[in-house]
Amino acid sequence: MKIRVELTGQLKQAIGQAQLEYDLPEGSSIQRLFERLAAEFPEPASKYAIGEDGGLKPNILLFINDEQATADDSIVLHDGDVAGFLSPISGGSRHEEGKW
Amino acid sequence: MVTKRAMLTDEERSVYEWQTWVHDFGEAGQEALKGASVLVSRVGGLGSVAAYELAAAGVGRLVLAHKGNVKPSDLNRQLLMTHDWIGKPRVESAARRLSELNPRMEIVAIEENINEDNAERIISQCDAIVDCAPLFEERFAMNREAVRQKKPLVECAMYDLEARITSVMPGVTPCVACLHPEKPAEWKREFPVFGAVSGMVGCLGAMEAIKIIAGFGEPLYNRMITMDLRAMTFRSIQLKRNPSCPVCS
Ligand SMILES: [Zn+2]
């Protein structure tokens, strides 16, 4: 089955792609997707998304088909699902520290 | 509606005429805006535009919190900063330009960024908050205090050509800590962005605050809009509270 992955923020920038597509066996859990991501992109994945235990880092907001999902929900993926990884992003302007 | 209403003068009726034609806003909505005090935390790329739109819309009182002086590298996006103000306090430049647009509005310019020590004092002066802060420490301090004081908080964020927005209503929606329980280890305070991206989400943040204050439309409660202007894709994601959130549960 085909699963589309959408990346954002620093994770997207580190991997260099906004979207990925994976072919996973029917009935795969979300954990299988994390494993694939970590295997294909070990450095950016470990830096921004996947923890040492192989699970999703707590700061990544996961969504499946436009609904927030908890990574430990034992989510089973379905053909055509879109899994999004929202890396935290922020705002505005930096601290004042320089000569200005 | 989160504020008390303030009577309009004839001059205000004429200035805000076009928006009081919005049928579910009307003069009552305008009176609510006039009675409201809104905190815009940091008037950088996001906050400059959010504050400018709130001033244009006729909010009665704006509280601006932002430390530091204008730098050349601010000027691609911080639209309340001007070239002639380089080296002088940002918050003064912001207050000056906002009062040119809306001389009726009261402006409280605080030359501080929100932190654990000042959050209670600053947030107690406002009815709603537009969070435009760059650092997660600031966001967490603001969130904690907004939840404690039960004040609505509009969360705006951007990165590169991406932007996000959601509105936090304490007790009703997830708070910032529900969504991001920890400070991201890898976040840098300087990052790529265009002014048109931060300005867009600043506008959305102002509109959210206006809707929440005046009590009309559907604020982004339990919902986040994500935008990618590189691909021009927009998503609306359903959010959920963390039942074991240390801040709001
Ligand atoms: Zn929470």
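The values are calculated or read from the model by the stated rules, or taken from the named source; none is laboratory data. Computed from a prediction, not measured in an experiment: that's the story for all the values here. Note that we place each Cβ from the backbone using ideal geometry, even for glycine, and neighbour counts take in every protein chain shown. Accessible surface areas use protein heavy atoms only, side chains included; no ligands, DNA or RNA. Shrake-Rupley method; radii C 1.70, N 1.55, O 1.52, S 1.80 Å.
Picking from residues in segment B:139-150 that are out of contact with any Gly (no Cβ under 9 Å at 6 or more places or on another chain) and either acidic (D, E) or over 14 Å from B:H66 (Cα atoms) (or both), the one that is most open to solvent (accessible area, probe 1.4 Å) is B:R148.
Which of the residues spanning segment A:37-85 are part of a loop (DSSP other than H, G, I, E, B), touching a Leu at 6+ places or on another chain (Cβ under 7 Å) and either within 23 Å of A:E26 (Cα to Cα) or open to solvent by 30 Å² or more (accessible area, probe 1.4 Å) (or both)?
Taking segment A:37-85 as the starting set, the residues that turn out to be part of a loop (DSSP other than H, G, I, E, B) are A:41, A:49, A:51-55, A:57-60, A:65-66, A:70-75, A:77-81.
Imposing the further condition that a residue be touching a Leu at 6+ places or on another chain (Cβ under 7 Å) reduces the set to A:49, A:60, A:71, A:77.
The answer is A:A71, A:L77.
One residue stands out in segment B:229-248 among those that are more than 7 Å from chain A (Cβ to nearest Cβ) and touching a residue at least 24 places away in the same chain (Cβ under 8 Å): the one that is farthest from the ligand (Cβ to nearest atom), namely B:R230.
Under 30 Å from A:Q13 (Cα atoms), over 18 Å from the mean Cα position of the chain (by Cα), within 14 Å of chain A (Cβ to nearest Cβ) and not in a strand (DSSP E or B) - does that describe any residue in segment B:159-174?
If we filter segment B:159-174 for residues that are under 30 Å from A:Q13 (Cα atoms), which is where we start, we get B:159-168, B:173-174.
The next check asks that each one be over 18 Å from the mean Cα position of the chain (by Cα); those that pass are B:160-161.
Now drop any that are not within 14 Å of chain A (Cβ to nearest Cβ), which leaves B:160-161.
Okay, now just the ones that are also not in a strand (DSSP E or B), so B:161.
Taking every residue of segment B:159-174 in turn, at least one turns out to be under 30 Å from A:Q13 (Cα atoms), over 18 Å from the mean Cα position of the chain (by Cα), within 14 Å of chain A (Cβ to nearest Cβ) and not in a strand (DSSP E or B).
For segment A:1-17, a residue qualifies if it is part of a strand (DSSP E or B) and either open to solvent by 30 Å² or more (accessible area, probe 1.4 Å) or at positive phi (or both), and the qualifying residues are A:K2, A:R4, A:E6. Would you confirm, using the coordinates I've provided, whether B:A196 is at pLDDT 95 or above, more than 11 Å from chain A (Cβ to nearest Cβ) and open to solvent by less than 10 Å² (accessible area, probe 1.4 Å)? Spelling it out, it is not the case that B:A196 is at pLDDT 95 or above, more than 11 Å from chain A (Cβ to nearest Cβ) and open to solvent by less than 10 Å² (accessible area, probe 1.4 Å). B:F140 passes every criterion in (1) more than 14 Å from chain A (Cβ to nearest Cβ); (2) within 16 Å of the ligand (Cβ to nearest atom) apart from (1).
Residues checked against (1) assigned to a helix (DSSP H, G or I); (2) free of Cβ contacts under 8 Å to residues at least 12 places away in the same chain; (3) hydrophobic (A, V, I, L, M, F, W, C):
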| site | (1), (2), (3) |
| --- | --- |
| B:C178 | yes, no, yes |
| B:A185 | no, yes, yes |
| B:V197 | yes, no, yes |
| B:V201 | yes, no, yes |
| B:M207 | yes, no, yes |
| B:I210 | yes, no, yes |
| B:I213 | yes, no, yes |
| B:G217 | no, no, no |
| B:M224 | no, no, yes |
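Scanning segment B:38-80 for residues that are closer than 28 Å to B:A146 by Cβ, within 11 Å of another protein chain (Cβ to nearest Cβ) and open to solvent by 10 Å² or more (accessible area, probe 1.4 Å) turns up B:V49, B:K67, B:N69, B:R77.
A quick yes/no check of all residues on (1) modelled with pLDDT of 95 or more; (2) touching a Phe, Trp or Tyr at 6+ places or on another chain (Cβ under 7 Å):
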{"site": "B:V130", "(1), (2)": "yes, no"}
{"site": "B:F136", "(1), (2)": "no, yes"}
{"site": "B:R148", "(1), (2)": "yes, no"}
{"site": "B:V176", "(1), (2)": "yes, yes"}
{"site": "B:P181", "(1), (2)": "no, no"}
{"site": "B:P184", "(1), (2)": "no, yes"}
{"site": "B:R189", "(1), (2)": "no, no"}
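Scanning segment B:77-98 for residues that are assigned to a loop (DSSP other than H, G, I, E, B) and within 11 Å of B:G44 (Cβ to Cβ) gives B:R77, B:Q78, B:L79, B:L80, B:M81.
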